[in-house]
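Asks: Below is one structure. I have some questions about it.
Any read-out appearing in this document is the output of simple, stated calculations on the displayed coordinates, not a laboratory observation. Please read all numbers here as calculations on a predicted model, not as lab measurements. All Cβ positions, even for glycine, are placed from backbone atoms using ideal geometry, and neighbour counts span all protein chains on display.
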């Protein structure tokens, strides 16, 4: 199996994506190392779990030593991205390069900014907020490291996550968790406009697919997704599975803007509110041409997610 030999290192193994990636990797490779700050996580048998601060170049190099592929799934405190995220990514680039490993960077869509068309990989970096600029900077750093010959690197981009293990997202606890509890579901923006949502297990398979190839590096790849539907339709599908009828509330714009004046997290959310106020649709045709269609049907993905959330409340 191409790319399956050697050590595969998942930096950010405690995140929903890191956990999904580890689950998927164990079906394909023999050696998987998960890396997080405290070395504590509920990981499957056979996974080596290592504690490290990946923003420290020496620690990052230590945990990546001997790796064949390094997956950058690490995140930074949402309210402090400009200060924390670029150094973290630079450290991981250097660590992968020192190990002679391939680097696969799990990215999002913030760098495109407000769009008037389906998002594709050739769109300009038009993000005006701090998070969009940070994402654009990190992507440039990764691609520059590849072009300079320092490391073989590829970037995979996904939209808003949902799936087993995903709690801190637009669809995590605030939709799936609330639906199961029967508590109000709080949403932002125009919930009747089309929005692409990414099933976490599909994204994990994309990261692995890129790590297994040698003809994908130096490029950006959009993860495949089920067809975009409105957030209202998505939530209705969730409620059909949970068989609950919680109240669905949409925060008015002025309320979000007012809260952003006093609440740091709401200030960050307000910055990317545009993503939920107009169609936010991902074009993944480039990936599909290369790898074929590998998308979990939306109803199946929702059922799997609800099943996981049920285990958290039992």
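Asks: At a Förster radius of 35 Å, what calculated FRET efficiency corresponds to the Cβ-Cβ distance of residue 307 and residue 123, to the nearest 0.05?
Replies: Efficiency for this residue pair is about 0.50.
Asks: Starting from the Cα gyration tensor of region 90-139, take the square roots of the eigenvalues, sort them a ≥ b ≥ c, and report rounded, prolate or oblate (rounded when a/c is under 1.5, otherwise prolate if a/b is larger than b/c, else oblate).
Replies: Since a/c reaches 1.5 and a/b is larger than b/c, the shape of region 90-139 is classed as prolate.
Asks: Gaussian network model of the chain, Cα springs within a sub-10 Å range: biggest mean-square fluctuation belongs to which of 84, 17, 171?
Replies: With Cα springs under 10 Å in the chain, the top fluctuation among 84, 17, 171 is at 84.
Asks: FRET efficiency for residue 215 and residue 267, Cβ-Cβ distance as r, R0 = 41 Å, nearest 0.05?
Replies: Approximately 0.45, to the nearest 0.05.
Asks: To test your reading of the geometry: what angle, between 0 and 90 degrees and rounded to tens, separates the Cα axis of helix 200-211 from the longest principal axis of the chain?
Replies: Result, in degrees: 20.
Asks: Within a 10 angstrom radius of the beta carbon, how do 266, 259 rank from fewest other beta carbons to most?
Replies: The fewest-first ordering by Cβ neighbours comes to 259, 266.
Asks: Could you put 169, 293 in order, starting from the residue whose Cβ has the fewest other Cβ atoms within 10 Å?
Replies: Listed from fewest to most nearby Cβ atoms, that is 293, 169.
Asks: Suppose each label sits 7 Å from its Cα in the direction of the beta carbon; what would the residue 48-residue 289 distance come out to in nanometres?
Replies: With each label point 7 Å from Cα toward Cβ, the separation is 3.9 nm.
Asks: Pick from 103, 49, 21: which is most flexible by mean-square fluctuation in a GNM of the chain where alpha carbon atoms under 10 Å apart are linked?
Replies: 49
Asks: Also, quick follow-up: Does region 208-310 classify as rounded, prolate or oblate by the C-alpha gyration tensor (a ≥ b ≥ c root eigenvalues; a/c under 1.5 gives rounded; else a/b over b/c gives prolate, otherwise oblate)?
Replies: It is oblate, given that a/c is not under 1.5 and a/b is not larger than b/c.
Asks: Could you work out how much longer the chain between residue 236 and residue 65 gets when fully extended? Use 0.36 nm per residue separation minus the Cα distance between them, nm to one decimal.
Replies: Taking 0.36 nm per residue and subtracting the Cα distance, the gain is 56.9 nm.
Asks: Tell me the angle of helix 16-25 to the major Cα principal axis of the chain, expressed in degrees between 0 and 90 and rounded to the nearest ten.
Replies: 50 degrees
Asks: Need the full-extension length gain, residue 130 to residue 186, defined as separation in residues times 0.36 nm minus the C-alpha distance. One decimal, nm.
Replies: 17.7 nm
Asks: Does region 61-207 classify as rounded, prolate or oblate by the C-alpha gyration tensor (a ≥ b ≥ c root eigenvalues; a/c under 1.5 gives rounded; else a/b over b/c gives prolate, otherwise oblate)?
Replies: Because a/c hits 1.5 or more and a/b exceeds b/c, region 61-207 counts as prolate.
Asks: Stretched out fully, how many nm does the piece from residue 83 to residue 137 gain, at 0.36 nm a residue minus the Cα gap?
Replies: 18.2 nm
Asks: Quick check on the exposure proxy: order 143, 258 from fewest to most C-beta atoms within 10 angstrom.
Replies: 258, 143
Asks: Of the beta bridges DSSP finds with both residues in the chain, what % are antiparallel, to the nearest 5?
Replies: Rounded to the nearest five, the antiparallel share is 5 percent.
Asks: Could you state the number of Å between the C-alpha centres of region 201-267 and region 116-173?
Replies: Here the two parts' Cα centres lie 14 Å apart.
Asks: Let me ask something else about it. Calculated from DSSP H runs of 4 or more alone, at -39500 (n - 2.57) each and per residue, what is the 222 nm mean residue ellipticity of the chain, nearest 500?
Replies: -12000 deg cm²/dmol
Asks: Here's a follow-up. For region 210-262, report the % of Cα-Cα distances exceeding 19 Å.
Replies: So the portion of pairs separated by more than 19 Å is 63 percent.
Asks: Angle, helix 298-313 long axis vs. longest principal axis of the chain, Cα atoms, 0 to 90°, nearest 10?
Replies: 90 degrees
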